[in-house]
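One structure below.
The values are calculated or read from the model by the stated rules, or taken from the named source; none is laboratory data. Remember, it's a predicted structure, so these values are computed and weren't measured experimentally. Using ideal geometry, Cβ is built from the backbone for each residue, glycine included, and neighbour counts are taken over all protein chains shown. The accessibility values were calculated without ligands, DNA or RNA, using every heavy atom of the protein model including side chains. Shrake-Rupley method; radii C 1.70, N 1.55, O 1.52, S 1.80 Å.
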Amino acid sequence: MYNYKELIVWQKSMKLVELVYKTTAIFPSEEKFGLTSQIRRSAVSIPSNIAEGAGRSSKNVFRNFLEISNGPINELKTQLEISERLGFIPKKELEIILSLCREVQKMTFTLIKKYADPKT
């Protein structure tokens, strides 16, 4: 249906994944299979769901995958907040990542609304 690589929301969510991987690279080694893994899975899930939905045959299905992508965004924000509270991420870095999360989430909500209109 869509070339997902051309979607700005996918591009931004890929930047989010890169930022998350760079940030979690400095987490304590004992978190490798804990919080680090969860954070990375949540981040990767966002562009993955957008790409999967973009490849489907209808706007309704695409909208559904956009809705699904919002779950991992909220998971990611929560996991990042936990990381900041535990001292793994400086507050300033947390705010940069959360800002990008909010931007991606706004874009997905905008697309969800667009495809909720029966005229599209």
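Taking each residue of the range 44-58 that is among the β-branched types (Val, Ile, Thr) and looking for partners that are in a loop (DSSP other than H, G, I, E, B) with beta-carbon atoms closer than 8 Å, six or more apart or interchain, yields ILE50/LEU7.
Within the range 30-48, none of the residues are in contact with a helix residue (DSSP H, G or I) (Cβ under 6 Å, 6 or more places away or on another chain), more than 16 Å from GLU103 (Cα to Cα) and of a type in the set (Phe, Trp, Tyr). Filter the range 74-120 for residues that are outside any helix (DSSP H, G or I), touching a helix residue (DSSP H, G or I) at 6+ places or on another chain (Cβ under 9 Å) and either modelled with pLDDT under 95 or not hydrophobic (A, V, I, L, M, F, W, C) (or both) and give the result. The answer is PRO90, THR120.
Conditions tested, residue by residue: (1) farther than 14 Å from VAL17 by Cβ; (2) polar (S, T, N, Q).
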| site | (1), (2) |
| --- | --- |
| PRO28 | yes, no |
| ILE39 | no, no |
| SER45 | no, yes |
| VAL61 | yes, no |
| SER69 | no, yes |
| THR78 | yes, yes |
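Only a single item in (1) of a type in the set (Gly, Ala, Ser); (2) open to solvent by 20 Å² or more (accessible area, probe 1.4 Å); (3) modelled with pLDDT under 95 is not met by ALA54, and it is number (2). Only residues that are open to solvent by 80 Å² or more (accessible area, probe 1.4 Å) and of a type in the set (Phe, Trp, Tyr): list them for the range 57-115, please. Result: PHE109, single match.
To keep it simple, each residue is scored yes or no on (1) modelled with pLDDT under 95; (2) within 19 Å of GLN11 (Cβ to Cβ); (3) not in a helix (DSSP H, G or I).
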residue	(1), (2), (3)
ILE26	yes, no, yes
GLU30	yes, no, no
GLN38	no, no, no
ILE46	no, yes, no
PHE62	yes, yes, no
LEU66	yes, yes, no
PRO72	no, yes, no
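One line per residue, one yes/no per condition, for (1) under 14 Å from ILE89 (Cβ atoms); (2) of a type in the set (Val, Ile, Thr); (3) free of Cβ contacts under 8 Å to residues at least 40 places away in the same chain:
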{"residue": "GLN11", "(1), (2), (3)": "no, no, yes"}
{"residue": "ARG40", "(1), (2), (3)": "yes, no, yes"}
{"residue": "ASN60", "(1), (2), (3)": "no, no, no"}
{"residue": "SER69", "(1), (2), (3)": "no, no, no"}
